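Please treat every number below as a calculation from the coordinates, not as lab data. These figures come from a predicted structure and were not determined experimentally. Cβ coordinates were reconstructed from backbone atoms using ideal geometry, including for glycine residues, and neighbour counts include every protein chain displayed.
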Amino acid sequence: MATTAPFWNRSTFLVITDASRGIGKNLAIQFSTLVTSDSTLVLLARNLQNLETTKTEILATNPKLDVKERSTK
């Protein structure tokens, strides 16, 4: 198992754009495995339905994480 850097061992606030697909979605999922459970991820994209799918995938691995999804459309 990989060791997390000291930066990730504290509450973090992340805003990720285009989080409904591609690189943005993959970044959101990867970052969600690095941050502490008291962190907040704000996911932005035009497709709210796909954002909700990303949120579900994130919460499956880190259920206490605060994940907000917002459509930019």
For the chain, alpha-carbon Rg over 2.2 N^0.38 Å: 1.04
Table column - 3J(HN,Hα) (Hz), segment 12-29, Karplus curve with 6.51, -1.76, 1.60, x for Gly and Pro: 10, 10, 10, 10, 10, 8, 6, 7, 8, 6, x, 4, x, 5, 5, 4, 4, 5
Sites L48 and F13 - FRET efficiency at Förster radius 22 Å, r taken between beta-carbons, to 0.05: 0.55
Please check: in the Gaussian network model of the chain (C-alpha springs, under 10 Å), which one of A45, A19, A60 has the largest mean-square fluctuation. A60
Helix axis angle, 48-61 relative to the chain longest principal axis, alpha carbon, degrees: 20 degrees
From phi via Karplus (6.51, -1.76, 1.60), per-residue ³J(HN,Hα) for segment 30-41 in Hz, x at Gly/Pro: 5, 5, 5, 8, 9, 7, 6, 5, 8, 8, 10, 10
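Which whole-number percent is the relative contact order of the chain (Cα, under 8 Å, 6+ apart)?
Working: 137 pairs, mean separation 24.0, N = 73.
The value is 33 percent.
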